[in-house]
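*Asks:* First the structure, then my questions, so here it is.
The values are calculated or read from the model by the stated rules, or taken from the named source; none is laboratory data. Not measured: the values here are computed from a predicted model. Note that we place each Cβ from the backbone using ideal geometry, even for glycine, and neighbour counts take in every protein chain shown.
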Amino acid sequence: MRDLIFALSLLPFLQSVSSCPKECSCDAHSNLVDCHGRGLYDIPRKLPQEALELHLHDNRLRSLGSTSFRDTPHLQALNLANNSITVLSPSAFLGLRHLRVLNLANNSIRELDRRLLVSVRNITVLDLSFNSLSGLPGAFSESFHHLTHLSLHHNRLTKVDRVHLEALDNLQVLDLKANPWRCDCHLIGLKLWLETFTFRGGVLDSAVCVQPPLLQDRDLRLIPYELFHSCMITSYSYLFANIHYLDSKHRSFLSGPALPSPHPHLTEPILPECEPKPRPRPANYRHAMATVVITGVVCGIVCLMMLAAAVYGCAYAAINAKYQRELKMKEKEAGGGEGQKNIQEDEKEPLEG
C-alpha cells in the first residue's frame, strides 16, 4: 500500500520528466526548459506545457514557423539569441499572451511584420540588437504599451519616426548606438523626442550620426538646432508640428534631390531631404549680445563726440560774441576821445582870433 502511494506521488514528476525533450533539460520546480547550445536546427517538439521560461539561444535556428510555440502557451521568457534566424512567421508567437521577455539578439532579422507583434502585447523587455533591421513596423508603438527596455543597437537604422516611440509611455531604457543614423531634416522629430525622453529620466546610450559628413561622429541630441537652419527656413510647419507633438499628417516634408545612400544594400527608399548648409553661419546668442553691446558703445562714443562738438561750438560762439562786443566798445571809446579833442580845438580857434 505504501509503495502504491509513493508511486502515485511520483507520477506528476515522472510525467514532467517524460515530457521533456531529449535535447533539453527541464526543471520541474522553476518550470525552466533549457535547450541552449545544442546545435539545434529546429525547435524541439513536445515541450512541457507548464514551461514558463525557454532557452534556445546559441543554436542554429534559421526560421520560426507558425506553430513553433503552440505547446508552451504559458511562456513568460523566451531567449532566441545568437541563432541564424532570418524569417519570422507572422503567427510565430501566436498564443503567447503571457510573454514578458523576448530576446532576439544576434540574428539576421531584416524586418518585422506588424502582425507578428500583435500576439505579444504584454512584453516589457525586447532585445532586437545585432540584427539587420532597417526600419520599424507601423504598429510598433501600438503593440508595446508595457515595454520598459528596448534594444535596437547594432542594426541598419538610418532614421526612426518619433511616432514609433512616443506612445511607449513606460519605456525606461533605450539602446540606439551603432546604427548608421542619417542626421538630416527627417530626424528633427527623433531629436526632440530623445531630448524629452532623457529629460524625463530615461536612459539612452547614444545616437551618433554617420551622415552627412558635416555631422559625422556627433550625438544627435547634442547637435545645435542652428545647424538645421536650412530645414527651418523652408519648413517652419514641420518644426512646429514636432515641437508640439502633433499628428504626423500635419507635418510638411522638404522636397529636394536625394543624396546617395551610404548603405546601397538597404531596400528601404531614402526620402527627399535637405542637408544642412555646408558652411552654416549659426546665429549665436552670445555673438548677438556682443554685437548689441559693441553697437551701444560705438553709439555712445559718437553721441559724446557730438555733444563735445556742440559744447565747443557754443563756447566758441560765446567767446567770439564777447570779443566783438569788447571790440565795438573800444572803438566807441576811441571815437569819443577824438570828438572831445576836436571840440576843444574848435573852441580855442575863436578866442585866438
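*Asks:* Could you tell me which residue of segment 96-110 is surrounded by the fewest Cβ atoms within 10 Å (Cβ to Cβ), considering only residues that are out of contact with any Leu (no Cβ under 8 Å at 6 or more places or on another chain) and over 14 Å from residue 64 (Cα atoms)? Reasoning before the result, please.
*Replies:* Within segment 96-110, the subset out of contact with any Leu (no Cβ under 8 Å at 6 or more places or on another chain) is 97, 100, 106, 108.
If we keep only those that are over 14 Å from residue 64 (Cα atoms) too, we end up with 97, 100, 106.
On the way: 97: 13, 100: 18, 106: 19.
My answer is 97.
*Asks:* Further, regarding this structure: Find the residue count for segment 150-177, including only residues that are surrounded by fewer than 17 Cβ atoms within 10 Å (Cβ to Cβ) and touching a strand residue (DSSP E or B) at 6+ places or on another chain (Cβ under 6 Å).
*Replies:* 1
*Asks:* Could you list, in sequence order, the residues of segment 23-79 that are outside any loop (DSSP other than H, G, I, E, B) and of a type in the set (Val, Ile, Thr)?
*Replies:* Applying the first criterion (outside any loop (DSSP other than H, G, I, E, B)) to segment 23-79 yields 25-27, 32-34, 53-55, 63-64, 77-79.
Listed by number, the list holds a single entry, 33.
*Asks:* Tell me, please, whether a residue that is among the small types (Gly, Ala, Ser) and assigned to a loop (DSSP other than H, G, I, E, B) can be found in segment 148-165. Please lay out each step first, then the result.
*Replies:* Narrowing segment 148-165 to residues among the small types (Gly, Ala, Ser): 151.
If we keep only those that are assigned to a loop (DSSP other than H, G, I, E, B) too, we end up with none.
Looking through segment 148-165, none of the residues is among the small types (Gly, Ala, Ser) and assigned to a loop (DSSP other than H, G, I, E, B).
*Asks:* Let me ask you something else. Could you please tell me which pairs satisfy a Cβ distance under 8 Å, a separation of 6+ or placement on different chains, a first residue in segment 75-92 that is at positive phi, and a second residue that is of a type in the set (D, E, K, R) and part of a loop (DSSP other than H, G, I, E, B)?
*Replies:* Short answer, once both residue conditions are applied: 82/58.
*Asks:* Take residue 126 and tell me if it is under 19 Å from residue 162 (Cα atoms), modelled with pLDDT of 85 or more, of a type in the set (A, V, I, L, M) and part of a loop (DSSP other than H, G, I, E, B). Break it down into steps so the answer makes sense when it comes.
*Replies:* Numbers: under 19 Å from residue 162 (Cα atoms): yes; modelled with pLDDT of 85 or more: yes; of a type in the set (A, V, I, L, M): yes; part of a loop (DSSP other than H, G, I, E, B): no.
Against the criterion (under 19 Å from residue 162 (Cα atoms), modelled with pLDDT of 85 or more, of a type in the set (A, V, I, L, M) and part of a loop (DSSP other than H, G, I, E, B)), residue 126 does not qualify.
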